[in-house]
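Q: Sharing a structure here in structure tokens format.
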Amino acid sequence: MTHCHQVAPFDYVIFGATGDLTMRKLLPALYYRLTMGQVPDTARIIGTARSPLKRNEYQTRARDALKRFVKADDFDEDTVDRFLDMIHYVSLDGSKPDSNWEGLREVLSHKAEEHVRVFYYATAPDLYGAISKNLHNEGLVTDDSRVVLEKPIGIDLKTAEEINEGVGQYFKESNVFRIDHYLGKETVQNVIALRFANPLFEAVWSGEHIESVQITAGELVGVEGRAAYYDNSGALRDMVQNHLLQVLCLVAMEKPASLEADDVRDAKVSVLKSLVPLDAKTLPTSTVRAQYTKGHSKGATVEGYLEELGHESNTETYVALRAEIDTPRWKNVPFYIRSAKRLKAKVSEIVVTFKPSATKLFPSQPEKNVLVIRIQPDEGVSWQFNVKNPLDDDFGLWETNLDVHFERAFSVRYPDAYERLLLDAVRGYPVLFIRRDEVEAAWKWVAPVMEAWAKNEVPMAHYAAGSWGPEEARQMLARDGQVWHEDVE
Ligand SMILES: NC(=O)C1=CN([C@@H]2O[C@H](COP(=O)(O)OP(=O)(O)OC[C@H]3O[C@@H](n4cnc5c(N)ncnc54)[C@H](OP(=O)(O)O)[C@@H]3O)[C@@H](O)[C@H]2O)C=CC1
Ligand SMILES: O=C1O[C@H](COP(=O)(O)O)[C@@H](O)[C@H](O)[C@H]1O
């Protein structure tokens, strides 16, 4: 059963409407929410980009995108027609004050009732300031207009501040929705429920009982068609500064005063500010960067990163970090974070390892309890625990698993992360979006890593495509007596 209520009529103005993100994620997400009854028929989606397209030409592109990116079973001709009726297109260069703003104003003014206005920036982030200024100067930013900012918010603290300032001059912070699609994932939101809706977990969620936490986001794919972007970014900026630090915040935050946006964000930002800064002493042993070399993926031989690029590069496709949080709850608990392209499996998960019992009762030391929160694929939770071995009369133990696979357990379709986030912006519900101070605190923490890597103070390691990553990352955990959780075939 769905609990999505229909939202108020809205105008979604998408800058970058012909791009990959709009076609692959945004339009399918809005379509799915129409099928679920959350989008009113009077809503409008107004695509803008520089390409000179007529409305019907853009509608054809939108249809093709739905055909490609919506599951065949969910592609319903009548609903698709209703969806296409909502779509408009304005050819416009968002960065230029003398562009076709009149065309946008005209579409926006033709409506029979009040609409919530949302601007979605799906263009290069260095345009965000100029688009905001032009929208403001054209009188198109109403007091209640929202703006959704795609990642990356900058490539470092300075550029993030510039983007935030550029947008913040024309939109108040409460109307700025910085998207991090990991927060739109059901299983990431579920961390809050697991921790705070289960007294058992709430009671043991600290360094008193937890030995270590691993947060992994591994991908099978390489850099695909995004090499130009990726080579200027790398795994640390692309995945850790945003998605994985957000996940870490949810795992580590104190219980927020409420589920209101600012209470949750206050709790998260306090984790980011408590991360122990990495320095010259800890950087070489607490950070690993690596590039994939030629290897095998899904049964095929694949090229190494440098061969794919066709030139030298100092950009990492693998990152592993050892982080510590300086709070009473987490003193001395290592948080291992890793993300990579061309890993052995597509797996995003959180692995919480509990400390063994301090006293020995059984002939064999029981295995530690491990909680695995599978973010994707096969969303679910497994709890590794010990039972008595029924074939052993001397209290030998067996390690077993309680495993919940959410899709099977709840018989639900797991929505794409963008679905909820797009409609949350219309609802003016910002809890799953990132506040300015969070983005900037995250950049501050990764800054010494970026600087040391840029100066080659930590050597670039290598791993074969299709493997679990470099030996250096295994060693990083081995020094703590830990191993990476690599359970997926
Ligand atoms: N693709 C993805 O999976 C993801 C993308 N992102 C981010 O989303 C943003 C868009 O990415 P993506 O769709 O891949 O990029 P694309 O290059 O595919 O699309 C860029 C879009 O911006 C439009 N555009 C470029 N310049 C202007 C301008 N001056 N005025 C108006 N429109 C303009 C382009 O159309 P035209 O040339 O016709 O103007 C096109 O529609 C980027 O910030 C990216 O980092 C974030 C996460 C994932
Ligand atoms: O933001 C990004 O995320 C994707 C991975 O997202 P997921 O939902 O498939 O885990 C990554 O491929 C991309 O490089 C990055 O920009």
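The values are calculated or read from the model by the stated rules, or taken from the named source; none is laboratory data. Everything quoted here is computed from the prediction, not taken from an experiment. Glycine also receives a Cβ, built like all others from the backbone with ideal geometry; neighbour counts cover every protein chain displayed.
Q: What pairs come up if the first residue lies in segment 337-365 and is closer than 16 Å to Gly396 by Cα and at pLDDT below 95, the second is among the charged types (D, E, K, R) and exposed (fewer than 13 other Cβ atoms within 10 Å of the Cβ), and their beta carbons are under 8 Å apart, counting only those six or more places apart or on different chains?
A: Here the result reads Pro363/Asp394, each pair linking segment 337-365 to a residue that is among the charged types (D, E, K, R) and exposed (fewer than 13 other Cβ atoms within 10 Å of the Cβ).
Q: I would also like to ask the following. Can you name every one of the strands (runs of 3 or more DSSP E) wholly within segment 368-436 that holds 3 or more residues which are without any contact (Cβ under 8 Å) to a residue 24 or more places away in the chain and out of contact with any Phe, Trp or Tyr (no Cβ under 6 Å at 6 or more places or on another chain)?
A: Values: elements: 370-376, 380-388, 397-405.
By residue number, 380-388, 397-405.
Q: Starting from segment 145-162, take each residue that is under 15 Å from Leu245 (Cβ atoms) and list its partners that are polar (S, T, N, Q), counting only C-beta distances under 6 angstrom and pairs at least six apart or across chains.
A: If the second residue must be polar (S, T, N, Q), the pairs left are Lys151/Asn242.
Q: Now, a different point. Can Lys54 be described as basic (Lys, Arg) and closer than 18 Å to Tyr418 by Cα? Please lay out each step first, then the result.
A: Values: basic (Lys, Arg): yes; closer than 18 Å to Tyr418 by Cα: no.
When the stated conditions are applied, Lys54 does not pass them.
Q: Tally up the residues in segment 306-332 that are surrounded by fewer than 20 Cβ atoms within 10 Å (Cβ to Cβ) and of a type in the set (A, V, I, L, M, F, W, C), please.
A: 2
Every residue, every condition in (1) within 16 Å of ligand 1 (Cβ to nearest atom); (2) under 20 Å from Lys151 (Cβ atoms); (3) aromatic (Phe, Trp, Tyr), yes or no:
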position	(1), (2), (3)
Lys172	no, no, no
Gly184	yes, yes, no
Ala197	no, no, no
Thr216	no, yes, no
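Q: Ok, one more. With the condition being within 30 Å of Asn134 (Cα to Cα) and more than 16 Å from ligand 2 (Cβ to nearest atom), I'd like the strands (runs of 3 or more DSSP E) fully within segment 144-234 carrying at least 1 qualifying residues.
A: Details: elements: 146-149, 176-178, 210-218.
By residue number, 146-149, 176-178.
Q: Related question: What single numbered condition from (1) more than 16 Å from ligand 2 (Cβ to nearest atom); (2) in contact with a Pro (Cβ under 9 Å, 6 or more places away or on another chain); (3) in contact (Cβ under 8 Å) with a residue 60 or more places away in the chain; (4) of a type in the set (Lys, Arg) fails to hold for Lys133?
A: (3)
Q: Out of the residues in segment 111-130 that are of a type in the set (A, V, I, L, M, F, W, C) and touching a Ser or Thr at 6+ places or on another chain (Cβ under 7 Å), which is nearest to ligand 2 (Cβ to nearest atom)?
A: Narrowing segment 111-130 to residues of a type in the set (A, V, I, L, M, F, W, C): 112, 116, 118-119, 122, 124, 127, 130.
Cutting the leftovers down to touching a Ser or Thr at 6+ places or on another chain (Cβ under 7 Å) gives us 119, 122, 127, 130.
Values: Phe119: 21, Ala122: 13, Leu127: 18, Ala130: 23 Å.
Looking at the filtered set, the residue picked out is Ala122.
Q: Further, regarding this structure: What number of residues within segment 346-366 are within 18 Å of the chain's Cα centre (by Cα), more than 12 Å from ligand 2 (Cβ to nearest atom) and farther than 18 Å from Leu250 by Cβ? Talk me through it step by step, then tell me what you get.
A: From segment 346-366, those within 18 Å of the chain's Cα centre (by Cα) are 346-351; that's our starting set.
Add one more test, that the residue is more than 12 Å from ligand 2 (Cβ to nearest atom), and what stays is 350-351.
Filter once more, keeping what is farther than 18 Å from Leu250 by Cβ: none.
Residues in segment 346-366 being within 18 Å of the chain's Cα centre (by Cα), more than 12 Å from ligand 2 (Cβ to nearest atom) and farther than 18 Å from Leu250 by Cβ: 0 in total.
Q: Evaluate the following for Asp262: is it closer than 28 Å to Tyr429 by Cα, within 19 Å of the chain's Cα centre (by Cα) and acidic (Asp, Glu)? So that I can check it myself, show each step before the final result.
A: Working: closer than 28 Å to Tyr429 by Cα: yes; within 19 Å of the chain's Cα centre (by Cα): no; acidic (Asp, Glu): yes.
Judged against the criteria, Asp262 is not a match.
Q: What number of residues within segment 243-290 satisfy the criterion of being over 23 Å from Val204 (Cβ atoms), surrounded by 22 or more Cβ atoms within 10 Å (Cβ to Cβ) and touching a Pro at 6+ places or on another chain (Cβ under 9 Å)?
A: 4
Q: Next question. Let me confirm something: among Val458, Val483, Val446, which residue is crowded, with 17+ Cβ neighbours inside 10 Å and out of contact with any strand residue (DSSP E or B) (no Cβ under 8 Å at 6 or more places or on another chain)?
A: Numbers: Val458 fails: out of contact with any strand residue (DSSP E or B) (no Cβ under 8 Å at 6 or more places or on another chain); Val483 fails: crowded, with 17+ Cβ neighbours inside 10 Å.
Just a single option satisfies the conditions, and that option is Val446.
Q: Among the residues of segment 178-209, write down those that are under 16 Å from Arg265 (Cα atoms) and among the hydroxyl-bearing types (Ser, Thr, Tyr).
A: Tyr182 - this is the single residue of segment 178-209 that is under 16 Å from Arg265 (Cα atoms) and among the hydroxyl-bearing types (Ser, Thr, Tyr).
Q: Another question about this same structure. Taking segment 106-130 on its own, how many of its residues are without any contact (Cβ under 8 Å) to a residue 40 or more places away in the chain and in contact with a strand residue (DSSP E or B) (Cβ under 6 Å, 6 or more places away or on another chain)?
A: 1
Q: Since Leu236 meets every condition but one in (1) touching a helix residue (DSSP H, G or I) at 6+ places or on another chain (Cβ under 9 Å); (2) of a type in the set (A, V, I, L, M); (3) away from ligand 1 (no atom under 16 Å from the Cβ), which condition does it not meet?
A: Single failed check for Leu236: (3).
Q: Another one. Which one of the conditions (1) more than 12 Å from Ala49 (Cα to Cα); (2) surrounded by 21 or more Cβ atoms within 10 Å (Cβ to Cβ); (3) within 10 Å of ligand 1 (Cβ to nearest atom) does Ala130 fail to meet, given that it meets all the rest?
A: Condition (2) is where Ala130 drops out.
Q: When you go through Leu21, Leu27 one by one, which is the residue that is touching a residue at least 24 places away in the same chain (Cβ under 8 Å), over 23 Å from Glu106 (Cα atoms) and not β-branched (Val, Ile, Thr)? Spell out the reasoning first.
A: Values: Leu27 fails: over 23 Å from Glu106 (Cα atoms).
None of the others qualify; the one that does is Leu21.
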